Amino acid sequence: MPLSPSLIENLDPAAGNILGQSGRVDPFHVRQLNADEMVEEVDQSDELLARLKAEKIDALIPVVGGQGLTIIYKLHCKGLNTVCVPRAIENDIAATLVSFGFNSALSFTIEMLDKARQAAQAARKIAVVEVLGAQAGWLALQAGIAVCADAVLIPEIPCNLQTVAAKLKEKMNPRHSYGLVVVAEGARLLDNPKTGRISHPPSR
């Protein structure tokens, strides 16, 4: 799609998919039917590079997450000129201080957790809220600090659930009869605190 200055100027900021995207398509593992009507994976990366060359595209500046970075790196090793822009709302891209999408996700998560804390206060209960963060706990940690959560569980630090429960019990009193626990989806628990055995979260 040709991008003219007038087109860019009038784009809706929310219309990020105007060019389309294929974040789950890996040119190195494309599924297709073979002559026997069986599904097989084939490498079509050479065809992709040939098409880019035919379209006189000299380089790419992709905005991609972890899987996309791996694919682009493999294409770069085959001769593609590229500069990658990391995008990950969980901020789990190595060697990247803040990835695109993280601040937006953080603002939304803080707003959601604040409402959950208010609901817990009204019901005099302890709210346990799971947020994104399978590999990194930045979202849970920063949002939890912002809303003054009573506990934050993240993948980087395996926790003793009994210790967390004891701390929550200590804080509960007639004047403070509610609580908020923020859990990253990749949080790990210690099965046996004495041996340090870790319980990994179930795969999704």
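FYI, it's all coordinate maths here, none of it is from the lab. The shown structure was predicted, so the numbers you read here are calculated from the model rather than taken from an experiment. A quick note on method: Cβ atoms are made from the backbone with ideal geometry, for glycine too, and the neighbour counts reach across all protein chains shown.
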For the pair A134 and E156, how long in nm is the line joining their label points, each one 7 Å along Cα→Cβ? 2.0 nm
Excluding residues fewer than 8 places away in the same chain, name every one of the lysines whose C-alpha is closer than 30 Å to that of K115. K125, K167, K169, K171
What angle do you read, to the nearest 10 degrees and between 0 and 90, between the alpha-carbon axis of helix 66-77 and the longest principal axis of the chain? 30 degrees
With +1 on each Lys and Arg Cβ and -1 on each Asp and Glu Cβ, and nothing else charged, work out how big the dipole of region 46-142 is about its Cα centre, in Debye to the nearest 20. 160 debye
Pick out which of P62, P174, P86 has the largest mean-square fluctuation in a Gaussian network model of the chain, springs linking Cα atoms closer than 10 Å. P174
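Hey, what did the chain get for relative contact order, percent, Cα under 8 Å, at least 6 apart?
Result for the chain is 13 percent.
From the helices alone, meaning DSSP H stretches of at least four residues, give me the mean residue ellipticity at 222 nm for the chain, per-run term -39500 (n - 2.57), in deg cm²/dmol to the nearest 500. Intermediate results must be reported in sequence, preceding the final value.
Working: 6 runs with 69 residues, N = 204.
Helix contribution divided over all residues of the chain: -10500 deg cm²/dmol.
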Using a Förster distance of 25 Å, the FRET efficiency for M112-L11 (Cβ separation, nearest 0.05): 0.30
Contour minus Cα-Cα distance for E170 and F28 (0.36 nm per residue): 45.7 nm
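Calculate the FRET efficiency for A50 and L3 from the Cβ-Cβ distance with a Förster distance of 22 Å, rounded to the nearest 0.05. Mind dumping the intermediate values first?
Numbers: r = 23 Å, r/R0 = 1.06.
So, using R0 = 22 Å, E works out to roughly 0.40.
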Evaluated over the chain, the Cα radius of gyration and Dmax, each in Å: 22.9, 72
Place a +1 charge on the Cβ of each Lys and Arg in the chain and a -1 charge on the Cβ of each Asp and Glu, then give the dipole magnitude about the Cα centre in debye, rounded to the nearest 20. 1180 debye
Under the Karplus relation 6.51 cos²θ - 1.76 cosθ + 1.60, θ = phi - 60°, what is the ordered set of whole-Hz ³J(HN,Hα) values for region 129-137, x standing for Gly and Pro? 10, 8, 10, 4, x, 6, 10, 9, x
